[in-house]
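The values are calculated or read from the model by the stated rules, or taken from the named source; none is laboratory data. Because the structure is predicted, anything quoted here is derived from the model rather than measured. Cβ placement follows ideal geometry from the backbone for every residue including glycine, while neighbour counts extend to all protein chains displayed. Surface accessibility is based on the protein's heavy atoms, side chains included, excluding ligands, DNA and RNA. Shrake-Rupley method; radii C 1.70, N 1.55, O 1.52, S 1.80 Å.
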Amino acid sequence: MSATLRHAGWVLRGNPITAVAATGVLLLAVLAIFAPWIQPYDPIASNVRNALQPPSAANWAGTDQLGRDILSRLIAATRLDLAIAISAVSISFAAGAVIGSLCGYAGGRMDRVVGRLVDVLMAFPLFVLAMAMVAALGNRVENIIIATAFINLPFYIRFARAEVNVRRDAGWVEAARACGDSHLSVVLRFLLPNILPAMAVQISLNLGWAILNAAGLSFLGLGVTAPTPEWGIMVAEGARFITSGQWWLVAFPGFTLMLAVLCFNLLGDGLRDILDPRMRT
Amino acid sequence: MEFNRRQGLQGLLGVAAGGTLGAATAGREAAAQTRAETLRQVMGGVINSLDPTTPGGTRENFGLAMNIYDRLASFGRKPGEGGMTFDMDNIRGELAERIDRSPDGLTLTFHIRQGATWHDGTPVTAADVKWSLDRAVSARSLAPPQLSSGSLTSPEQFKVVGERQVEVKLPRPDRLALGNLCIPFAMMINSTLAKRHATADDPWAMNWLKENTAAGGAYIVETNRPGQQVVLRRNDAWKNGEGGTPPFFRRVILQTVPEASTRASLVERGDADLAIDLAASDVPAIESRGRVKVVSIPQTNAFQTIVFNTQMAPFDNPKVRQALAAALPYEAMFQAAQFGRGRILFGARWAEVPDAAFPRTMPLNLDIDRAKALLAEAGHPNGFATTFTFANSMTAFAEPMAALIKESLARIGVEVTVQKMPDAQISTMVVERRLPFFTDIGSAWLPAPDYFMRTYFTGTHRWNYSGWNNPEVAALTQTARFETDPAKYEAAVKRMINLVAENVPMAMVWQANQDAVMAKDISGYTYWFHRQADFRDLKRG
Amino acid sequence: MRALRAVGRRVGRRLVASAPALLGVVVFTFLLMRVLPGDPAVFFASGPNAGQEEIDELRRVLGLDRPIPVQLAHYLYDVGTGNLGRSLTTGQPVLRDLTERLPASLELTVTALILALGLALPLGILAALRPGSLLDHGVRLVCSLGVCVPTFVSGLLLIYVFYVVLGIAPDPTGRLDIFAASPPDITGFLLVDFLLVGDMEGWRAAAAQLVLPAATMALFTLAPLARMTRASMLAVLGSDFVRTAKSIGLGRGRVVLVYALRNALLPVITITGIVFSTMLGANVLVEKVFSWPGVGSYALDALLGSDYAPVQGFVLLMASAFVIVNLVIDTLYGIADPRVSIE
C-alpha cells in the first residue's frame, strides 16, 4: 500500500498537471457538497427587471434571461452534473464489471450470447442511441443517467471480460477453487477485486465524457428540463445569445464545463500512470 | 533552344488555369446582376412536399404553395400595426377575374381570367377548376376537413357552367365559404397534366404532386432538394396578381438553416435577404445594430395559450382554473419570454365583454390573494402538485415561461414540475388528453371570432386543447356560423367570450410578433394568415 | 494467390459472422422506435383542422394499425429487399435520402480525420521523443482541451469568430455556396467531382465550406489519435530493433521516421478506424450547427419528429459502416502481420 502511495507521490511530482487536475476535481466535489452555502443568490429565483445584465460587482458572472445570477446557477449545477456523471458511470461500471467477469470466467454459451449482444450494442451509433433512449423514456434526470450508463456498458463488459479471461487459470484462482470456494465466490471475492484498479482508470475518463454527453443532449433539447441549473443546458441556452452580444451567458458556463471535463480527463490519464506503471503511456 | 519539360508543363497548366478563370469571371458578373433580382430566404423548417395538402406536410409547404399555385380568389392586403397584413374582408379574384355571388348567398360563380395559362403554356379551363375543387374535397389529404369549415364538402357542389365559368353551390350561406377558396388547400391544378400521373390507387395524383407541380402560379420550381432547399424561377407569363404585374424577383432561394443564430448572422451580413423565424432574443440586438430592416407585425390570427385540461382533476373544477389564472405572472412572462414583442391578451378589467372582437384582451390579472381565496374555495387550501409541459421547438420562449410559472404558483402552494417533450410526443399527449397543464400556440387561417371559438373551444379534436365541453358554447358556435344578422352574430360571440372569461378553460396570453428580418432595400413584406412569406409581395429598392 | 484466397475466406466468414449483429441492430432499433411515446400519425396529421379520421387514415397508410410483430415482419422483409421505407419529414424514400446525404457526411468526416491525423502524428511523435518533458505535458494539455469543449460550442464559436466577426469564412450553410454552380453528380464527393471536371474555383469554394466544420470535428478527435501515436511510439522506441538501429549508427531522424514510425502506425490505424466509425455516427451536433446536409442531422430531425423509417435506416447504415470499417482494419492487419488471426 505504502509503495503505491510512494509511487503516486512520485508520479504527481513528475506530473504537475495530474496534481492540478486532482485539485480541480477535489474543488468540484467541495463545490457540489457545499453549494447551498457558497452560492451568493438563489439559483432559481427570477428577477425579470434585472435580466441579461453583464458581469458586475453584484453578479460576478452576469444574469440570464430571467435575471437569475449565473454564478449561483453554475455552483448549484455542480451538484447535479457530478451526480449525473458519477451515477451513470457507476451503474455501467458495476453492471459491466459483474457481467463481464462472469462471462470471462464461465465462458461457454453464456459468454457467446452476451458477446453477441455486446456486438449489437457496439455497432450502434451510440450518441443517437442515447438520444433515442431519452426521447423514448422522457427527458428526466434519471433517464439521462440510464441512457448514458447504457451506452457505456459494452466497453466495461468487454474490458472486464478480457481482464478476467487472462486471470481465470492463474494459480491463485485455482487455489481458491481448491479451497472449496464456489464459482460465484471466486469471481466476486477474488477476480473482481483484482481487475478493479485497471477499470478505475476508465472511470475517470468516462466521467468527463458523461458530462459532455449530457451537454450534447441538452443542446438538442433532450437534456434536463429548466429551471433546474445544469451546465449543459446553460451552455445550450447561452449559445442562443452568442450573436446578440450577451457573451457571458455562454462564456462562463462553457468555461466551467470545459474545466470540469478537462480535470476528469487529465486525472484519468494520471491515474493510469499511478495504478499501472506498465500502461504508462 | 532547349525545351525544358518542366517549363512546358507549367505553360500548359497556365493555359488551363487561365481558361477556367476567364469562364469563371464571366460567370461571376452574370451572378452579380442576377443577385439583385434573387431573393434568398433562410428558414428553420423544411419543405417536405410541393403539395400543401400532403398529410404530414410542414407549415413551410403552405407558403411555398401560395407562390407556385394560384387559387380562384385571394385575400387583399391592408396596412396594420407594424406593417402590411392580409385583409380577410377584402377578397379579390386571383385566377378568377370576376366572382358573382347570388343574392341568397347560396351560389358563387367564378369567371376564369381571359388568357390564363398553366406553366406548360396550355390554357386554364373550367374543367381544370372543377377537378381541382373536387380534389380538395375528396382526396385523402389535409384539405377536406379544412374546406368543410366553409360548407364545401362534396364534388356535387361544383359545376362547369361555361367554357370559363364554374359555379359553387352552398347548402347554407356560409360566411367562410369564399375565404376557404383563398387558402393554400384550394389551389388550382393543371388537371390534364396531373391526371396523366394519377393511378387507380391514387386517383388524385397525391404521390406525383409531392415532388412535381402541375401549376400556373407566379413561380416555377427550378430545383427541389427536400429538407434542404428549393429554388424558384419567376413565371413571366403570370398576370393574376394585384394590378396584373409579375413579381419583382426573378429567382427565389428558400434554404433550410436549422440554427437560429446562424440565420440571424446570414441576414445581418447580407448573405441572405430574409428570415422570419429568428429567436425573439436575437431581434432586439439586431434592431439596435441597425444593419438590417426589422418588420414586426403581431400575429393577429395566432395566440400563445396556457391550457388547463378541463377533463382532468383538479382542473375539471372551474374554481381551480380561475385560481391558477389569477396566479400566472403575465407581465413578467411577456417580458422574459417574448421581450415584450407582440400584442398582449391579458390585463383587461371588464366584467362583461364590450365588443365581439376575438382573440382579445381578457380579464386575466395576477392577484395572488384572490388566487389563494379561490383555491381554498375549491377545496385545495394547501395547493396541489401538477406538471407543466411544453414542446421542444418552443424551448426558446417556453422555458422562461415555465420557470416563472413554477415560481409564481409556488406562492399559492401549487407545486409545478416542468416537463419538456419532443413535438411529436406532445401532440399525441394533447389528443389523448393526458397533459394536465401545458402551453401551446394556436392559429386560424380564417380568423373570424366564431371560427376561433368553434376550433379552440369545442369538439374532440386536438385544437380544443383544454378538452372543454360546454353545451352552450357548442350550440352558439353552430348558430353563429350561419347567422346573417350582424347584431345577432355579435350577441352570440359576446356570450361565448363571457363564458370563456368566466370558465377559463385556457388563458390566452399574447399574440407574438412575427419579426421579419430583411435586407434594408427589401420592401413590401406582408404578414399572411399562413404565417409564411409571400414572395409575390416583395421587391428590392 | 493462396494468401489472397485466405484473405477472401476471412472476409467472407467475417461478414457472415456480423450478420446476426446487424439483424440485432435492426430489430432493436425497430422496437426502440415503437416505444417512443409520440405517434407519428398524430404529429403529421396535425393540419389546421385534422381530426381523428385523418389520424386514422395516416396510421393506415403508415401501417401503424397492424400489430407490432406484423409490422416488424413487414419491415424485415422490406429491408431484405432493399426498401428502407419513406421519410415523413422529407417525403422521400429513406434509401434515396441516405445515399444522397452519405457522401456529405463521409466527406466531412474524412477531411476532419485527415486534419486531425496531420496534427496528431507530429504532436504524438514529438511527445514520445521527450516523455515527461514540458513539451509532452503541453501536447497532452492541448489535446485534452480539444476533447473537453462540446462540439456545438466550438462550432458556434468558430462561426462567430471567422464568419460573423472576421468575415473570412464563407457562410456556414452547407457544402457549397448557394450561388455557386454545383458540379455534375459523379461521386457525390464535391471535392472529387470538382477535380474531375477541372473546376478549381469550385473546388476552392467547396473546400472553404469544409474548413470550419472539419476543424470542429478534428479538435474533438485529436486527443485519442495523438495519445495512441505517443503510446505506440514510446513502445517501439524502447524496443530492441530500434536500439540496434541506433547502436549501428543510423541517424536519429532516420530511425524515428523510418523504422520506429512505420512499426508504430498499426495501432494508430486501428484507433483511426474506430474514431472514424464513431464520428460518422456522432457528428450529429456538428452537422446541425453548420447546416450540413449529412445523415446525422437527417436522423436527428426524424428522431425528434417520431419519424421511424429514417432513424431505422440511419442506424442500419451506421452499423454496416462499423462492420465494414472493422473488417477493413482487420484485413489490413492480417495482410501486414500474418500472425494476426481475424477470427
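If a helix is a whole DSSP H run, which ones in chain C reach 24 Å or further along their own axis (Cα) and hold a mean Kyte-Doolittle hydropathy of at least 0.0?
C:2-35, C:94-129, C:200-237, C:261-282, C:308-336
Starting from the Cα of A:Asp169, step 7 Å along the direction of its Cβ; do the same at C:Ala73; then give the gap between the two resulting points in nm.
The two pseudo-label positions are separated by 4.7 nm.
Am I reading the C/A interface right? What is its buried accessible area, both sides, 1.4 Å probe, to the nearest 100 Å²?
3800 Å²
Run the quick spin-label model on A:Leu137 and B:Thr153: label points 7 Å from Cα toward the beta carbon, then report their separation in nm to one decimal.
Roughly 4.9 nm, to one decimal.
Percent antiparallel among DSSP beta bridges with both residues in segment B:302-513, to the nearest 5?
60 percent
Share of antiparallel DSSP beta bridges in chain B, in percent to the nearest 5?
Counting only bridges with both partners in chain B, antiparallel ones make up about 75 percent.
Summarise the long-distance tail of P(r) for segment C:101-336 by giving the % of C-alpha pairs beyond 24 Å.
54 percent
Segment C:128-161: which residues show an accessible-area loss of 30 Å² or more, assembly versus chain alone, 1.4 Å probe?
Residues shielded by partner chains are C:His137, C:Arg140, C:Leu141, C:Ser144, C:Leu145, C:Val147, C:Cys148, C:Pro150, C:Phe152, C:Val153, C:Leu156, C:Tyr160.
Run the 1.4 Å probe and let me know the accessible area of C:Ser277, rounded to the nearest 10 Å².
C:Ser277 has an accessible surface of roughly 20 Å² with all protein chains in place.
Which value, in square angstrom to the nearest 100, describes the accessible area buried between chains A and B on both sides, using a 1.4 angstrom probe?
Interface area, both chains combined: 2000 Å², rounded to the nearest 100.
For C:Arg130, what is the net charge nearby, where nearby means another residue's Cβ is under 14 Å from its Cβ and Lys, Arg count +1, Asp, Glu -1?
+2
Quick check for me: using +1 on Lys/Arg Cβ and -1 on Asp/Glu Cβ, what's the dipole size of chain B about its Cα centre, in debye to the nearest 20?
Approximately 760 debye in magnitude.
Are there any trypsin sites (Lys or Arg not before Pro) in segment C:88-176 that are in a DSSP loop and have at most 16 other Cβ atoms within 10 Å? List them by number.
Passing both the DSSP loop test and the Cβ count: no residue.
Tell me, what % of the accessible area of segment B:275-319 is carbon and sulfur with a 1.4 angstrom probe?
Result for segment B:275-319: 48 percent of the exposed heavy-atom area is carbon or sulfur.
Ignoring any ligand, DNA or RNA, what whole percent of the accessible area of segment B:124-228 comes from carbon and sulfur when the probe is 1.4 angstrom?
49 percent
Please report the carbon-and-sulfur percent of the accessible area for chain A; probe 1.4 Å, protein heavy atoms only, DNA, RNA and ligands left out.
About 68 percent, which is the carbon plus sulfur part of the accessible surface.
Per residue, how large is the accessible surface of the protein assembly as shown? Use a 1.4 angstrom probe and give square angstrom.
I get 40 Å² per residue for this part.
Taking the alpha-carbon distance from B:Lys78 and a cut-off under 14 Å, which aspartates and glutamates remain once sequence neighbours fewer than 8 residues away in the same chain are dropped?
Excluding near neighbours in sequence, the set is B:Asp87, B:Asp89, B:Glu242, B:Asp537.
For the modelled label position 7 Å from the Cα of B:Arg233 along Cα-to-Cβ, which residues of segment C:141-179 have backbone nitrogen atoms closer than 18 Å?
Label zone hits: C:179.
List, by residue number, every residue in segment B:207-227 with a reduction of 10 Å² or greater in accessible area between the chain on its own and the complete protein assembly, 1.4 Å probe.
Residues shielded by partner chains are B:Lys210, B:Glu211, B:Arg225, B:Pro226, B:Gly227.
Kindly provide the trypsin sites (Lys or Arg not before Pro) of segment B:330-407 that DSSP labels as loop, not H, G, I, E or B, and whose Cβ sees at most 13 other Cβ atoms within 10 Å.
Sparse-neighbourhood loop trypsin sites (Lys or Arg not before Pro): B:Arg349.
What fraction of the DSSP beta bridges in the protein assembly as shown is antiparallel, stated in percent and rounded to the nearest 5?
The antiparallel fraction comes to roughly 75 percent.
Based on the Cβ-Cβ distance of A:Val113 and A:Asn47, what FRET efficiency does E = 1/(1 + (r/R0)^6) give at R0 = 45 Å, to the nearest 0.05?
Efficiency at R0 = 45 Å is approximately 0.20.
On a 0 to 90 degree scale, rounded to 10, what angle separates helix A:126-137 from the longest Cα axis of chain A?
Tilt of helix A:126-137: around 70 degrees.
Excluding ligands and nucleic acids, what accessible area in Å² is computed for B:Glu242 using a 1.4 Å probe, to the nearest 10?
We get 90 Å² for B:Glu242.
At a probe radius of 1.4 Å, figure out the C/B buried accessible area, summed over both chains, and give it in Å² to the nearest 100.
Summing both sides, the interface buries roughly 4000 Å².
Give me the net charge of C:Ile248's neighbourhood, meaning all other residues with Cβ under 14 Å from the Cβ of C:Ile248; Lys, Arg count +1, Asp, Glu -1.
Net local charge, C:Ile248 excluded: +3.
By how many degrees, between 0 and 90 and to the nearest 10, does the Cα long axis of helix A:16-38 differ from the longest principal axis of chain A?
So the helix axis and the longest Cα principal axis differ by about 60 degrees.
Between A:Leu27 and B:Ala474, what is the label-to-label distance in nm when each label sits 7 Å out along the Cα-to-Cβ direction?
Result for the modelled spin labels: 6.5 nm.
Which order do C:Ile168, B:Ile344 take by accessible area at a 1.4 Å probe, largest first?
Reading off the accessible areas and sorting them downward yields C:Ile168, B:Ile344.
Once ligands and nucleic acids are excluded and a 1.4 Å probe is used, how much of B:Glu259 is accessible, expressed in Å² to the nearest 10?
Accessible area of B:Glu259: about 30 Å².
Between 0 and 90 degrees, rounded to the nearest ten: what's the tilt of helix A:141-167 against the longest Cα principal axis of chain A?
Once rounded, the angle reads 30 degrees.
List, by residue number, every residue in segment B:417-435 with a reduction of 20 Å² or greater in accessible area between the chain on its own and the complete protein assembly, 1.4 Å probe.
B:Val418, B:Lys420, B:Pro422, B:Asp423, B:Ala424, B:Gln425, B:Ser427, B:Thr428, B:Val431
What lysines does B:Lys420 reach when the alpha-carbon gap must be under 16 Å and sequence neighbours fewer than 8 apart in one chain are set aside?
Output for B:Lys420: B:Lys406.
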